[in-house]
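Laboratory data are not the source of any read-out in this text; all were calculated from the coordinates shown. Everything numeric here is computed off the predicted structure, so don't read it as measured data. Every residue, glycine among them, receives a Cβ derived from its backbone with ideal geometry; neighbour counts consider all protein chains shown.
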Amino acid sequence: MAVKIRLTRMGAKKAPFYRLVATDSRVARDGKCIENLGTYNPMVEPAAVNINAERVKYWLSVGAQLTDTAKELIVKEGIIEKKPYREPKPKQMPPTPKAKAEENVEQTSEGNSQAE
């Protein structure tokens, strides 16, 4: 069973209120959850976030995956650290066929001169 930590929507129309839950990834967004981990209310200024850090760490330790939005909330609360951005390695273009042919000629000429 793949467990995800994600948000489930509560509240009325035009007035969202979310719960942070641990749930099976195959269950619908507002379906049955395994455990409630906290709440998020974006309608108040500043947004109200209440998360049970101990339970979130437990679920992460047993292999639960975070959704993007849940991860942002948990990082903002300081429960986990955001991984630093790693620059991608620059791509190296493969040598052109002409350059490859020249390398092969040089290698064969070196091999012939050593053999003599």
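Side notes on the structure shown:
- Charge-dipole axis of the chain as Lys and Arg at +1 and Asp and Glu at -1 on Cβ define it, positive-most pick from Ser25, Thr8, Val62: Thr8
- Sparse packing (at most 12 other Cβ atoms within 10 Å of the Cβ) combined with a DSSP loop state is found for the following trypsin sites (Lys or Arg not before Pro) in the range 56-105: Lys82, Arg86, Lys91.
- Ser61 paired with Met43, simple spin-label distance in nm, labels 7 Å along Cα-to-beta-carbon: 3.6 nm
- Within the range 7-27, backbone nitrogen closer than 19 Å to the virtual label 7 Å beyond the Cα of Glu77 toward Cβ: 7-11, 16-24
- Cross-link pairs Lys13/Lys76; Lys32/Lys57; Lys32/Lys71; Lys32/Lys89 - those with Cα-Cα distance over 31 Å: Lys32/Lys89
- Model label points for Lys98 and Tyr85, set 7 angstrom from Cα along the Cα-to-Cβ axis, are 3.8 nm apart.
- Projected label distance in nm at Asn52 and Glu106, using a 7 Å step from Cα toward the beta-carbon: 6.7 nm
- Within the range 3-77: Cβ-based charge dipole about Cα centre, in debye rounded to nearest 20 (Lys, Arg +1; Asp, Glu -1): 280 debye
- Neighbourhood charge, 14 Å Cβ-Cβ cut-off, centred on Asn52 and excluding it, Lys, Arg +1 and Asp, Glu -1: 0
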